[in-house]
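Below: the structure, in structure tokens.
The values are calculated or read from the model by the stated rules, or taken from the named source; none is laboratory data. Keep in mind that this is a model prediction, so the values were computed, not measured. Quick reminder, even Gly has a Cβ in these numbers, built from the backbone with ideal geometry, and neighbours come from all protein chains shown. Protein only, heavy atoms only, side chains kept; ligands, DNA and RNA dropped before computing areas. Shrake-Rupley method; radii C 1.70, N 1.55, O 1.52, S 1.80 Å.
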Amino acid sequence: MWDPARYSHFRDERKRPFFELLARVDVDAPSHVADLGCGTGDLTRVLAERWKGARVYGVDSSAAMVEEARRRPAPESLRFEVADLAGWEPPAPLDVLVSNAALHWVPDHGALLLRLVAKLAPGGVLAFQVPANFDAPSHRHIDEVRTLPRFAAKLAQVRRGHAESIAAYEELLSGLGLVVDAWETAYLHVLPGEDAVLEWLLGTTLRPVLAALEPEEGRAFLDTLRPLLRQSYPAHARGTPFLFTRRFVVARRGR
Ligand SMILES: C[S@@+](CC[C@H](N)C(=O)[O-])C[C@H]1O[C@@H](n2cnc3c(N)ncnc32)[C@H](O)[C@@H]1O
């Protein structure tokens with residue numbers, strides 16, 4: 001379902017939040033670090049580079065992404081595996097658990113965070129970033145097209161991404177005894193190329209939708225969506241402005 005080349009299309013825009021998240025993770029010499037929903041593993045390699053003494057695990061449920069992640073040589077300390085992040089068990093308690101732009105695909109963040117916190121070592125840090133664009137015109141248009149009679153039955157079971165508010169994350173995690181730093185940032189990307197917002201969505205949000213449709217239905221879906229996106233996101237000579245909000249949480253477990 002995931003396409004590494006397509007996801008990498010807007011690489012700079014997609015990786016910036018990871019570095020902004022990581023800048024708030026103050027851990028000196030961790031032994032075990034995980035990147036859940038690691039995708040192509042480029043950012044997992046950044047973790048292995050930053051903490052050279054740590055064992056680093058990149059975990060993703062997409063075999064295509066993990067295959068891509070394994071393509072480049074990696075240090076001994078870095079391992080990629082195919083697994084569902086909700087059920088994955090680390091070989092040892094984690095000093096750092098990072099997840100960039102992945103948890104929004106997993107339902108029930110209350111239960112999920114409880115499981116993730118249980119994987120932390122005493123003093124360990126959970127750091128994640130999730131997109132929070134679900135009420136933006138882009139997603140509203142996807143929902144409009146999803147519910148058209150032609151597509152509705154096939155797409156009824158296809159999960160939408162979701163994120164809790166930063167206030168809810170703070171409450172959940174402080175309730176589990178962690179010290180929480182949470183914030184939200186809106187990026188105004190000016191995307192290059194034709195139908196740039198559609199291109200962006202094809203790398204992420206539209207993957208599960210198109211996977212549930214026959215190729216011809218998928219083409220019809222995109223043909224219906226394209227003009228709606230063009231109207232809400234007009235292209236200019238400088239590119240297409242695309243406002244994108246993301247939520248960040250860095251939470252430390254007590255010792
Ligand atoms: C938007 S990509 C982000 C990839 C990487 N973290 C990055 O920032 O470049 C989301 C990734 O989450 C993975 N993913 C989605 N649901 C998952 C799950 N339940 N378990 C593990 N990985 C999952 C997808 O396969 C995809 O590679």
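Below are the figures for this structure:
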item: Residue 126 vs. criteria over 25 Å from residue 94 (Cα atoms), open to solvent by less than 60 Å² (accessible area, probe 1.4 Å) and of a type outside the set (Asp, Glu); result: no
item: Enumeration of residues in the range 84-133 that are in contact with a strand residue (DSSP E or B) (Cβ under 6 Å, 6 or more places away or on another chain), more than 9 Å from the ligand (Cβ to nearest atom) and in a strand (DSSP E or B); result: 94, 95, 96, 97, 120, 121, 124, 125, 126, 127, 128, 130
item: Close pairs (6 angstrom Cβ cut-off, 6 or more residues apart or separate chains): at positive phi in the range 31-49, more than 6 Å from the ligand (Cβ to nearest atom) and in a strand (DSSP E or B) anywhere; result: 37/99; 41/58; 41/80
item: Selected residue (criterion: farthest from residue 89 (Cα to Cα)) from residues of the range 36-67 that are open to solvent by 40 Å² or more (accessible area, probe 1.4 Å) and touching an Asp or Glu at 6+ places or on another chain (Cβ under 8 Å); result: 64
item: Those residues of the range 31-60 which are touching a Gly at 6+ places or on another chain (Cβ under 8 Å), polar (S, T, N, Q) and within 14 Å of the ligand (Cβ to nearest atom), in sequence order; result: 44
item: For residue 255: the one exception among (1) charged (D, E, K, R); (2) assigned to a loop (DSSP other than H, G, I, E, B); (3) modelled with pLDDT of 95 or more; result: (3)
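Conditions (1) aliphatic (A, V, I, L, M); (2) free of Cβ contacts under 8 Å to residues at least 24 places away in the same chain; (3) within 30 Å of residue 9 (Cα to Cα), marked per residue:
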site	(1), (2), (3)
93	no, no, no
102	yes, no, yes
118	yes, yes, no
122	no, no, no
130	yes, no, yes
140	no, yes, yes
176	yes, no, no
192	no, no, yes
